[in-house]
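Only one structure is covered here, and it is reproduced in the block below.
The values are calculated or read from the model by the stated rules, or taken from the named source; none is laboratory data. Treat the numbers as computed from the prediction; the structure is a model and nothing was measured. Here Cβ is always computed from backbone atoms with ideal geometry, including for glycine, and neighbour counts include all displayed protein chains.
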């Protein structure tokens, strides 16, 4: 952890913050970070980061130009939080699936209202923590009791997310999750992901066939794969190289909708598939996690320069 994270949090009274201010964007409340070294935008709904950029640099995250900021609607882009299940509930392990009472994908955290827990500021970084207690308020869609604590750390070197889940119930809790990171590119065809060579993956577009990766991952159309890999990756685009360093993960999802699916997605221009890709730090497929009473697990990613 950074040095500042060991300091007591500052008062949550906005007037006492140096670099952060509240802002209403669309119909949602967000925290805007205006630090001399970087800027960021973080929504309370979904604990969703939609912007991070060091000074004089382009946004490190991709946000759809037609994204809508409305209550109960997932924002298209940034880093949505998929929790306490990832993807189609029916495609999850039985232990995860039996707790889900809806057919909706990706859990409820990305549209739930999170609580601001702490803010730490320094001359070099900003750290913000948000929490979501999954209790009886969500019993219509999920059977469980857990606490999600998500901490964001921003600095000129990059941004770090750490999502800690604690089982507040008395029975073992099985869940899956992902930090659904959207990254920008000027040309998807000339973009690639390095570090997954020789790892195995599930290709969801080929009947969930189990395959082996040979070399870098390129994008030639719709791509939707769950890799059995959770370590450091490098995303190369014509503009930049980004290193994604995972913690608490043994699975990575690589996704691009391609032209046909892009035309059907909400809040997504038909041609936008050419300008984005997703590399998601995850606990997905066989990498789902089980927590006994009181146990915690942290899933994290550091997005930095390569």
(message) Please count how many residues of the stretch 161-184 are farther than 21 Å from residue 226 by Cα and crowded, with 22+ Cβ neighbours inside 10 Å.
(response) 3
(request) Could you check how many residues of the stretch 133-157 are over 15 Å from the mean Cα position of the chain (by Cα), under 18 Å from residue 248 (Cβ atoms) and surrounded by 19 or more Cβ atoms within 10 Å (Cβ to Cβ)? (result) 1
(message) Anything in the stretch 76-106 that is in contact (Cβ under 8 Å) with a residue 60 or more places away in the chain and under 30 Å from residue 236 (Cβ atoms)? List them, or say none.
(response) 76, 77, 78, 79, 80, 81, 82, 83, 86, 87, 91, 106
(request) Go through the residues of the stretch 88-100 one by one and say whether even a single one is within 30 Å of residue 186 (Cβ to Cβ), surrounded by 20 or more Cβ atoms within 10 Å (Cβ to Cβ) and at pLDDT 95 or above. (result) no
(message) List pairs: first residue in the stretch 47-73 and at positive phi, second residue assigned to a loop (DSSP other than H, G, I, E, B) anywhere in the structure, Cβ distance under 8 angstrom, at least six positions apart or on different chains.
(response) 47/109; 47/114; 72/111
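Looking at 170, 186 in this structure, which one is at pLDDT 95 or above, within 28 Å of residue 273 (Cβ to Cβ) and part of a loop (DSSP other than H, G, I, E, B)?
Details: 170 fails: within 28 Å of residue 273 (Cβ to Cβ).
Criteria check complete, one pass: 186.
Please work out if residue 196 is assigned to a strand (DSSP E or B), under 24 Å from residue 62 (Cα atoms) and either touching a helix residue (DSSP H, G or I) at 6+ places or on another chain (Cβ under 9 Å) or modelled with pLDDT of 95 or more (or both).
Details: assigned to a strand (DSSP E or B): no; under 24 Å from residue 62 (Cα atoms): yes; either touching a helix residue (DSSP H, G or I) at 6+ places or on another chain (Cβ under 9 Å) or modelled with pLDDT of 95 or more (or both): yes.
No.
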(request) Counting only residues that are touching a strand residue (DSSP E or B) at 6+ places or on another chain (Cβ under 9 Å) and touching a residue at least 40 places away in the same chain (Cβ under 8 Å), give me the strands (runs of 3 or more DSSP E) lying completely in the stretch 201-306 with at least 1 of them. (result) 223-227, 233-236, 241-247, 251-256, 276-283, 289-291, 296-305
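Kindly evaluate residue 221 against the criterion of being surrounded by fewer than 17 Cβ atoms within 10 Å (Cβ to Cβ), more than 19 Å from residue 60 (Cα to Cα) and modelled with pLDDT under 95. Explain how you work it out, then say what you get.
Working: surrounded by fewer than 17 Cβ atoms within 10 Å (Cβ to Cβ): yes; more than 19 Å from residue 60 (Cα to Cα): yes; modelled with pLDDT under 95: yes.
Spelling it out, residue 221 is indeed surrounded by fewer than 17 Cβ atoms within 10 Å (Cβ to Cβ), more than 19 Å from residue 60 (Cα to Cα) and modelled with pLDDT under 95.
Report whether or not residue 201 is crowded, with 21+ Cβ neighbours inside 10 Å and more than 30 Å from residue 42 (Cα to Cα).
On the way: crowded, with 21+ Cβ neighbours inside 10 Å: yes; more than 30 Å from residue 42 (Cα to Cα): yes.
So residue 201 passes the test.
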